[in-house]
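The values are calculated or read from the model by the stated rules, or taken from the named source; none is laboratory data. Bear in mind that the values here come from a model prediction, so they are computed numbers and not experimental data. Cβ coordinates were reconstructed from backbone atoms using ideal geometry, including for glycine residues, and neighbour counts include every protein chain displayed. Each accessible area value is taken on the protein alone, full model and side chains, heavy atoms only, with ligands, DNA and RNA left out. Shrake-Rupley method; radii C 1.70, N 1.55, O 1.52, S 1.80 Å.
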Amino acid sequence: MNKLTAAITAVGSYVPNFVLTNKALEDIVETDDEWITTRTGIKERRILKPEEGEGSSYLAIKATQELLQKKNLDPKEIDLVIVATATPDSMVASTAAFVASEIGASNAFAYDLLAACSSFLFGMSTAASYIESGKYKKVLLVGADKMSSIIDYTDRTTCIIFGDGAGAVLFEPNYEGLGLQDEYLRADGSGRRFLGMEGGGSLMPATEESVKARKHYIFQDGKTVFKFAVSNMADVAEKIMERNDLSHEDVSWLVPHQANKRIIDATARRMGLDDSKVLTNIQRYGNTTSATLPLLLSDYEDKLKKGDNLVFTAFGGGFTWGSVYLKWAYN
Ligand code: UT7
């Protein structure tokens, strides 16, 4: 029998209904459409309003339900549910456990995976390893973030960037050599002073003072993060290409984290890739943190062909970053 690999066999996604445009942001903070468009590539983002639903779990459930329906899959067959997120429903109780119960995955165990904007990328490695070990046959990986729950809408340096959304993929065994081929995953804890959220964790539990000081919102030193993101995302993607003897012609698609169009363009240039091979939807959703990569797969699913070489890259808080090389498994 051929070698066992872990392939993505289905995708689903969900973005909330409310559209927050650059124009609408002009009424909230001192900014303008032109600045946001030229500096980030973002035109609008989706926001989950309480009248529609609450928590990242709501988004994760919706994305998964789409996947289950498309794949015609009985949720009882799922062995494991991983929710990659930076905004779990709450501390302590697993968001993934709630998602698993709500979708009817009653035979699955479930847990959350937190690695900021690299959560989904790292989750791909985790999900694939369970399959490659031969222990499990169906692993559901969901990237879901309600970023609006940790955004300060008086801070123009962050509120223009982030949006809410979710995407789900199913990993299953493959014997045709398709699926995850290689990964190069990195972390550097010195980065946490440049991007994160000071309050709400064990370092700074919520107090009246911490709330007043707006410590429960995300902060970022944009310029520094930008520099790290540009060089590191390109470095790891190049490394993956070299290690697997992939020329720019061999790469069918770059699937980059959607943090800033300029970072995406710089990464593509370093890899020698034409724009037509670069998946983007930042203009419509902004940075949805753990959801950017599966949202791309969902948006471009019709274009992806069996055997296509996909190179994923991401960079996020921590710092965390990396690249994954995956062969697409279906038409
Ligand atoms: O996903 C996790 C990883 N995150 C990232 O990869 C994000 C990386 N960083 C970035 O994408 C960019 O740094 C930003 C989009 C956040 C900012 O773009 P920038 O080109 O680095 O701008 P900047 O921070 O250097 O600011 C330039 C100017 C400043 O004014 P002065 O000091 O030159 O007068 C800012 O105050 O733009 C000003 N500015 C704004 N102006 C209008 C900052 N935010 C805004 C705004 N609208 N929203």
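Side notes on the structure shown:
- Contact order normalised by residue count of segment 1-136, Cα under 8 Å, 6+ apart, percent: 25
- Inter-label distance, nm, simple model (7 Å from Cα along the C-beta direction), ASN72/ASP245: 4.0
- Largest first, the three principal axis extents of the alpha carbons in segment 5-177 are 54, 34, 29 Å in whole numbers.
- Highest average packing first - 6-15, 216-225, 161-170, Cβ atoms within 10 Å: 161-170, 6-15, 216-225
- Cβ-based net charge around LEU279, under 9 Å, with every Lys or Arg adding one and every Asp or Glu removing one: +1
- Given +1 at the Cβ of Lys and Arg, -1 at the Cβ of Asp and Glu and no other charges, the dipole of segment 5-177 around its Cα centre is 520 debye to the nearest 20.
- Expressed as a whole percent, the accessible area of the chain that falls on carbon and sulfur atoms is 49 (1.4 Å probe).
- Here LYS305 is the anchor, and the aspartates and glutamates within straight C-alpha reach of less than 14 Å, apart from those fewer than 8 places off in the same chain, are ASP250.
- Based on C-alpha pairs under 8 angstrom that are at least 6 apart in sequence, the chain has a relative contact order of 26 percent.
- Rolling a 1.4 Å probe over the heavy atoms of the protein chains gives the chain an accessible area of 43 Å² per residue.
- Eligible aspartates and glutamates near LYS71 by straight Cα distance, threshold 17 Å, same-chain separation 8 or greater: ASP79, GLU172, ASP299, GLU301, ASP302
- Kyte-Doolittle mean at least -0.5, axial Cα span of 24 Å or more - DSSP H helices of the chain: 55-71, 222-243
- Ranked packing of 116-127, 294-305, 27-38, 95-106, most packed first, by mean Cβ within 10 Å: 116-127, 95-106, 294-305, 27-38
- Taking N as the residue count of the chain, its C-alpha radius of gyration divided by 2.2 N^0.38 Å amounts to 0.94.
- Long pairs among LYS135/LYS327; LYS43/LYS306; LYS239/LYS261; LYS146/LYS212; LYS137/LYS277; LYS3/LYS62, criterion Cα-Cα beyond 28 Å: LYS43/LYS306; LYS137/LYS277; LYS3/LYS62
- Label positions at THR157 and SER101, each projected 7 Å from the Cα along the C-beta direction, are separated by 4.1 nm.
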